[in-house]
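Participant: Got a structure for you, written out below as structure tokens; questions coming shortly.
FYI, it's all coordinate maths here, none of it is from the lab. Keep in mind that what you see is a predicted model, and the values were worked out from it rather than measured. In this analysis, Cβ positions are derived from the backbone assuming ideal geometry, glycine residues included, and neighbour counts consider all displayed protein chains.
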Amino acid sequence: MKRLLIQILVMAVLCIGWSCCPQAAALEKEEKNVEEQVNEILTGMSTEQKLAQMMIITLRSDMQGTKCVTQLDPSYEDLLEKYDFGGLILFAGNIMDTEQTVTLIRDCQTAAMNSPLGIPMLVCVDQEGGRVNRVSFGTAGSGNMSLAAAGDLALTEECADMLGQEISALGFNMDFAPVSDVNSNPNNPIIATRAFSDDPDKVAEHVKAFMKGLDKNCICTSLKHFPGHGNVGEDSHTHLPCSDHTKEELLSCDLIPFIEGIGAGTDMIMTAHIQYPAIETDTYISKEDGAEVYLPATLSRTIMTGLLREELGYDGIIITDAMGMAAIAAHFDDTDAAVLAINAGVDILLCPVELYQDEEIDTFPALETYMEKLLARVEAGDIKEEDLDESVARILKMKIEKGIMTGTLSETREEQLERAKAVVGCAAHHEREWEMAQLGLTLLKNEDGMLPLNGNDGGKTLILTTDEERTATAGYALSRLEKEGLADISQVTVMCYSDPEADDGSLQEALQSADQVLIFSQTTRKSELICHVIDQVHQNRKGRAALLSLNLPYDAACYEDADAILCAFNPFGSAHDTEGNGPFNLNVAAALCAAFGESVPQGTLPVNVPKFKEIVDDKTVFSDELLYERGFGLQDWKQAQ
């Protein structure tokens with residue numbers, strides 16, 4: 001972008017005949033200084049150092065985070081001093097509390113800056129907000145689909161700003177966000193409410209707003225997962241998904257948020273481990289079963305260089321999704337995967353090796369072997385040195401321009417800790433995230449004014465939760481409602497229906513005595529138990545049943561007989577209130593409180609909800625006919641017509 005601006009200004013000078021253009025001169029000088037710094041560093045780097053700079057490592061034992069590093073001991077310190085890794089990603093298991101996280105990150109950066117090159121690392125986190133929230137003691141946020149339901153781009157920017165403030169204070173400088181996928185498949189198991197919408201234009205607008213919020217805090221952004229993970233029905237953590245979309249189809253939908261994000265100046269783009277046989281036809285013999293698999297986008301030069309770089313004009317950093325995910329690790333030799341990714345045009349390999357060491361586990365030798373194999377492949381000509389140079393130059397350029405080279409550890413530990421304790425999970429942020437969750441609540445149905453419950457003539461209420469975590473959240477919401485005088489909790493029973501069958505005695509007894517039932521639903525898979533409960537409630541005197549859709553709103557189509565349907569858009573995460581009470585599921589608690597009249601739903605659907613068709617292989621199949629259109633939502637508790 002800067003180079004383009006320089007060219008425009010220079011052309012203006014030549015055409016108009018200015019004798020001097022200070023703005024252009026300043027920009028040219030800045031560009032020249034950055035290039036000089038990059039070239040100076042690059043000239044002094046060995047091949048091994050270049051490869052290390054192209055890696056972001058993680059300090060845990062496996063993809064599941066069975067064991068995670070929470071403090072830096074001498075062995076890890078030596079490792080970071082020996083290699084010049086480009087970055088480090090921390091997961092929830094690495095992040096315990098404010099002081100521990102600040103200390104761990106500072107110690108890691110100190111070790112990295114004591115390496116031969118002394119280049120500070122990118123310290124990364126998946127802090128998307130909502131479902132993916134690694135800082136459990138901080139502000140969770142209501143999640144992307146909830147923000148899109150609220151329909152206010154300023155709110156999305158504000159949420160990202162809050163998240164950015166907190167992770168910046170902890171020492172992070174890179175957030176693998178915003179999610180830029182278009183959730184066009186109702187049965188998508190991994191993107192779901194992490195996406196803003198099934199409308200690419202709506203996704204694009206919220207992506208840009210989220211980027212603005214992070215940028216306010218000098219947090220690098222990374223759009224993910226290119227060229228789109230929202231149209232598949234499998235999770236690349238456990239499978240190698242395949243999409244039949246053509247390039248033309250991607251350009252008309254999935255790629256729109258990425259194109260807009262590129263125009264808005266994203267720092268990185270993360271790849272998707274997804275096969276696109278209509279675009280990339282090269283194959284690899286899977287080490288798992290000997291079958292031919294198409295090269296996924298991460299390893300495809302056709303997609304990474306041909307589509308992303310050449311057709312879309314992106315010249316920023318490309319980073320893989322984690323290389324230890326089953327989509328890659330189960331099928332590809334780890335060295336082959338790295339060679340293919342680099343040759344495809346990728347600049348950074350994310351989590352190529354899990355790094356952990358204790359009395360039982362030692363993965364450090366695997367790193368040594370991995371580096372030796374990669375160096376051998378460079379020596380053999382399988383990886384070109386000039387490709388390494390281009391990638392490392394991009395990384396160094398970003399670190400310089402983002403102030404990472406000079407700003408890292410610029411304040412004392414005490415100063416940073418004081419700043420972090422003042423902002424991370426502060427009362428003001430918790431109060432605001434509760435309001436954000438309320439603004440996203442969307443009412444799809446409210447026959448005979450069933451909701452809010454405190455507007456009815458009393459009676460007994462049964463709340464059926466999906467599991468113990470949601471049960472605890474219901475307990476928090478009820479205590480809040482009692483304090484506000486909105487619910488007589490002596491008339492409310494909370495039960496978890498994850499175990500009992502429809503004819504379970506205790507469930508039957510509770511249903512018989514209930515005047516109204518609130519049923520939590522967390523999956524788009526149609527539940528015969530929920531259907532049976534709704535039928536039974538309707539058979540009991542004047543009983544009525546409301547569905548609280550906690551996750552994707554497509555489950556509304558599975559239970560059309562419910563008297564009321566209220567959508568929350570995120571059942572995950574651990575939030576706290578302004579007094580520190582918690583943890584609880586933010587959106588679930590806000591939805592339950594709204595059902596008793598604490599707030600009035602104002603949200604509208606960010607996705608189309610098609611009608612239910614049938615169940616095939618334990619998955620819900622939807623029809624082409626819509627039950628609720630995107631943009632629909634009732635306000636003021638008015639009755640559905």
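Participant: When we measure straight from the Cα of LYS67, which aspartates and glutamates land under 14 angstrom away, once same-chain ones fewer than 8 places off are left out?
Facilitator: Qualifying aspartates and glutamates at Cα under 14 Å: GLU354, ASP358, GLU359, GLU360, ASP362.
Participant: In nanometres, what is the gap between the two model label sites at ASP617 and GLU528, each 7 Å from Cα along Cα-to-Cβ?
Facilitator: 2.1
Participant: Right, next: List the pairs from LYS82/LYS384; LYS247/LYS619; LYS202/LYS224; LYS526/LYS613 whose alpha-carbon separation is above 19 Å, in the order I gave them. Mind dumping the intermediate values first?
Facilitator: On the way: LYS82/LYS384 24 Å; LYS247/LYS619 28 Å; LYS202/LYS224 16 Å; LYS526/LYS613 11 Å.
With Cα atoms farther than 19 Å apart: LYS82/LYS384; LYS247/LYS619.
Participant: Further, regarding this structure: Which whole-Hz ³J(HN,Hα) couplings does segment 105-113 yield from phi under the Karplus relation 6.51 cos²θ - 1.76 cosθ + 1.60, θ = phi - 60°, glycine and proline marked x?
Facilitator: Going residue by residue, I get 5, 4, 5, 5, 5, 4, 5, 4, 7 Hz, with x marking Gly and Pro.
Participant: If I take every Cα pair under 8 Å that is 6 or more residues apart in the chain, average their sequence separation and divide by the length, what percent do I get for the relative contact order?
Facilitator: On the way: 1382 pairs, mean separation 91.1, N = 641.
Value for the chain: 14 percent.
Participant: Once you sort the root eigenvalues of the Cα gyration tensor of segment 338-382 as a ≥ b ≥ c, which label holds: rounded (a/c under 1.5), prolate (a/b larger than b/c) or oblate (the other case)?
Facilitator: oblate
Participant: Quick one: which of 116-128, 70-82 comes out on top by average Cβ neighbours within 10 Å, and what's the full order, highest first? Numbers along the way, then the final one.
Facilitator: Values: 116-128: 21.8, 70-82: 15.2.
Peptide ranking by packing, descending: 116-128, 70-82.
Participant: Taking neighbour counts of Cβ atoms within 10 Å as a proxy for exposure, in what order, fewest first, do SER506, SER574 appear?
Facilitator: Details: SER506 9, SER574 18.
Fewest to most other Cβ atoms nearby, the residues stand as SER506, SER574.
Participant: On to the next question. Could you tell me the distance between the Cα centroids of segment 420-496 and segment 209-281, to the nearest Å?
Facilitator: When both Cα centres are located, 35 Å separates them.
Participant: Let me ask something additional. Straight-line reach from LYS445: which aspartates and glutamates have a Cα under 15 Å away, not including same-chain ones fewer than 8 places off?
Facilitator: ASP555, GLU560, ASP561, ASP563, GLU629, ASP636
Participant: Highest first, please rank the peptides 578-589, 324-335 by the mean number of other Cβ atoms sitting within 10 Å of their residues.
Facilitator: Details: 578-589: 21.2, 324-335: 19.8.
Highest to lowest by the protection proxy: 578-589, 324-335.
Participant: State whether the chain is rounded, prolate or oblate according to the following rule on the C-alpha gyration tensor (a ≥ b ≥ c being the square roots of its eigenvalues): a/c under 1.5 gives rounded; otherwise a/b larger than b/c gives prolate, and the remaining case gives oblate.
Facilitator: Working: a/c = 1.78, a/b = 1.73, b/c = 1.03.
Here the chain falls in the prolate category.
Participant: Mind checking which aspartates and glutamates have their Cα closer than 15 Å to the Cα of LYS402? Skip sequence neighbours fewer than 8 apart in that chain.
Facilitator: GLU30, GLU31, GLU35, ASP175, ASP215, ASP267
Participant: Continuing with this model, one more query. With an 8 Å cut-off on Cα pairs and a minimum separation of 6 or more residues, tell me the relative contact order of segment 55-423 in percent. It would help to have the intermediate numbers written out before the result.
Facilitator: On the way: 747 pairs, mean separation 61.0, N = 369.
Rounded, it is 17 percent for segment 55-423.
Participant: I would also like to ask the following. Considering only the chain, what is the antiparallel percent among its DSSP beta bridges, to the nearest 5?
Facilitator: Numbers: 20 of 62 bridges.
So the antiparallel bridges in the chain amount to around 30 percent.
Participant: Can you work out ³J(HN,Hα) from phi for every residue in segment 563-568, in order, using Karplus 6.51 cos²θ - 1.76 cosθ + 1.60 and θ = phi - 60°, giving whole Hz and x for Gly and Pro?
Facilitator: Values, residue by residue: 6, 9, 9, 10, 9, 10 Hz.
Participant: I'd like to know which of ILE342, PRO257, GLY597 lies farthest towards the positive end of the charge dipole of the chain, counting +1 on Cβ of Lys and Arg and -1 on Cβ of Asp and Glu.
Facilitator: It is GLY597.
Participant: Further question: Among bridges DSSP assigns within segment 55-423, what percent are antiparallel (round to 5)? Provide the component values of the computation, followed by the final result.
Facilitator: On the way: 8 of 31 bridges.
Within segment 55-423, antiparallel bridges account for around 25 percent of the total.
Participant: Explain nothing, just compute: Karplus ³J(HN,Hα) = 6.51 cos²θ - 1.76 cosθ + 1.60, θ = phi - 60°, for every residue of segment 158-171 in order, whole Hz, x for Gly and Pro.
Facilitator: Couplings: 5, 4, 5, 4, 4, 4, x, 4, 6, 6, 5, 5, 6, x Hz.
Participant: Can you give the charge dipole size of the chain about its Cα centre, rounded to the nearest 20 debye, using +1 on the beta carbon of Lys and Arg and -1 on the beta carbon of Asp and Glu?
Facilitator: Details: 47 positive and 104 negative charges, 298 e Å.
So the dipole magnitude of the chain works out to roughly 1420 debye.
Participant: State the answer as a single residue: which of TYR559, ILE95, TRP637 lies farthest towards the positive end of the charge dipole of the chain, with beta carbon charges of +1 for Lys and Arg and -1 for Asp and Glu, about the Cα centre.
Facilitator: Highest projection toward the positive end goes to TRP637.
Participant: Report the trypsin sites (Lys or Arg not before Pro) located in segment 516-547 that are in a DSSP loop and have at most 14 other Cβ atoms inside 10 Å of their Cβ, or state none. The partial results should precede the final answer.
Facilitator: Numbers: sites: ARG525, LYS526, ARG541, LYS542, ARG544; in loops: ARG525, LYS526, ARG541, LYS542.
Answer by residue number: ARG525, ARG541, LYS542.
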